[in-house]
1. Determine whether R219 is among the basic types (K, R), more than 11 Å from the ligand (Cβ to nearest atom), more than 16 Å from A269 (Cβ to Cβ) and open to solvent by 10 Å² or more (accessible area, probe 1.4 Å).
2. Output the qualifying pairs, or none if there are none: Cβ atoms under 9 angstrom, residues six or more apart or on different chains, first residue in the range 127-147 and within 17 Å of L386 (Cβ to Cβ), second residue assigned to a helix (DSSP H, G or I) and near the ligand (Cβ under 10 Å from one of its atoms).
3. Determine whether S356 is within 16 Å of the ligand (Cβ to nearest atom) and buried (at least 17 other Cβ atoms within 10 Å of the Cβ).
4. If we scan the range 353-368, do we find a residue that is under 28 Å from L262 (Cα atoms) and at pLDDT 95 or above?
5. With the condition kept exactly as written, say whether any residue in the range 101-109 is open to solvent by 40 Å² or more (accessible area, probe 1.4 Å), in contact with a Lys or Arg (Cβ under 6 Å, 6 or more places away or on another chain) and over 21 Å from F304 (Cα atoms).
6. Filter the helices (runs of 4 or more DSSP H) completely within the range 102-209 down to those with at least 3 residues that are within 16 Å of the ligand (Cβ to nearest atom).
7. Just to confirm my filter: which helices (runs of 4 or more DSSP H) fall fully inside the range 267-338 and include at least 1 residues that are more than 30 Å from F122 (Cβ to Cβ) and open to solvent by 30 Å² or more (accessible area, probe 1.4 Å)?
8. Tell me which residues, restricted to the range 45-90, are outside any helix (DSSP H, G or I), closer than 11 Å to F291 by Cβ and either small (G, A, S) or without any contact (Cβ under 8 Å) to a residue 60 or more places away in the chain (or both).
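The values are calculated or read from the model by the stated rules, or taken from the named source; none is laboratory data. The shown structure was predicted, so the numbers you read here are calculated from the model rather than taken from an experiment. With ideal geometry, Cβ positions are generated from the backbone for all residues, glycine too; neighbour counts draw on all protein chains shown. For accessibility, only protein heavy atoms count, side chains too; no ligands or nucleic acids. Shrake-Rupley method; radii C 1.70, N 1.55, O 1.52, S 1.80 Å.
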Amino acid sequence: MELHVTGDGTPWRDRFAQRTERMTSSAIRELLKLTSDPEIISFGGGLPAPEVFPIEQIRAAADRVLDEHGKAALQYSTTEGYLPLRELLVRHMARYGIVVGPENVIITTGAQQALDLLGKLFINSGDRILTEEPTYLGALQAFTGYQARYVPVPIDDDGMRMDLLEEQLRTGPKFLYVLPNFQNPGGVTLSLERRLRLVELASHYGVPIVEDAPYGQLRYRGEHLPPLVKLDAEYHGNGHGLPFHGDVIYLGTMSKTLAPGLRIGWVVAPEEVVSKLVQMKQGADLHSSTFDQMVAYEAARGGFLDRHVKVIRKVHGERLGVMLQALERHFPEEAKWTRPEGGLFLWVTLPEGFDSRRLFDEALKEKVAFVPGTPFFPNGGGERTLRLNFSYSTPEVIEEGIRRLGGVVARRMAGRLVAV
Ligand SMILES: Cc1ncc(COP(=O)(O)O)c(C=O)c1O
């Protein structure tokens, strides 16, 4: 008997579940495949500076884990996650005003898995999810897999626009998904005034919030702002011992503070939600890697994470400064860009009539890459926007890459003028 594994004859072809119909592979990953040429300067991926990965600390931690807890580290473990790591995260978050117990925390395989598990737990086909516009593409991918629809609220330099929020809250979204710090892709931060207003309005309309905060600690300028989960607790007046109110589910990750390859993220939620997430996660992967969790704990404990984050801030902050200066020098003044105070990205808006997808093809010929903005718009749009990552490349490479990209933009502008 012949077994068909490829081509038209595959028996799987007509059997994909309905919910996969609107799922596409990430436009970003497809585009970034084109940039595998090592000569291409890529501002595309959301990669931290590899120079600051704490390789020695991780090596020593892995040795300690294997020497002292080898058998446990290589064994199956609980779905909630390694308790000492959850306790460490609880202590760490308390310093940011997030006062919860380990029973409120579940470790996930990156914050990305948390988004998928939340989709699995909460989203019925056709449910509306309120998001910023633009928003994190990985969240759209996760939620679209559960057949979500989107009610987007545009952002400006102070984050989600509160003047447009109320109308969208009235459409009855299942929950609101927001990135208050150095938003991906916009680079903007939700101001304190808007944070307070957001918590108040969401509470008024009975819409719970998912606060995705991978970049909270990666602030290079300005003052730290309180997380929504803290403001929510204050707004509701902390009546029951632990001042966690629970209308806000908070997502954290060690991807940007330790190493993304470890795939350690976590969710903070009311216990009832955590126990449902445990069920969702059991179906997905039983638990996140025991070994990785133990290594992350061993590497992070004793204050290392705080010391290390300072190093990351310095390196990334310098690269942000270099990119901003290079943009001033090499981009036409008709182009606009955000001036982030942290995170990994900044967001460029090109003059009217530009198509950043076409610009991508031209830029690739000059061996420089970025991510066109459209995929970050839940319902389409954003044709003349693009995202630039500033953390991955060294200052010299950033300068050269922005020079090349500025040249492509300028030539296109000159071409358009001639064409008119
Ligand atoms: C906003 C946002 N959420 C979640 C993630 C996923 O992070 P990880 O799965 O590495 O924890 C990212 C990664 O870049 C992100 O930008």
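1. yes
2. Here the result reads Y136/L115, each pair linking the range 127-147 to a residue that is assigned to a helix (DSSP H, G or I) and near the ligand (Cβ under 10 Å from one of its atoms).
3. In short, no.
4. Within the range 353-368, none of the residues are under 28 Å from L262 (Cα atoms) and at pLDDT 95 or above.
5. Checked the range 101-109: at least one residue is open to solvent by 40 Å² or more (accessible area, probe 1.4 Å), in contact with a Lys or Arg (Cβ under 6 Å, 6 or more places away or on another chain) and over 21 Å from F304 (Cα atoms).
6. Helices (runs of 4 or more DSSP H) meeting the threshold: 110-122, 137-144.
7. 290-300, 304-330
8. Selection gives S77 alone.
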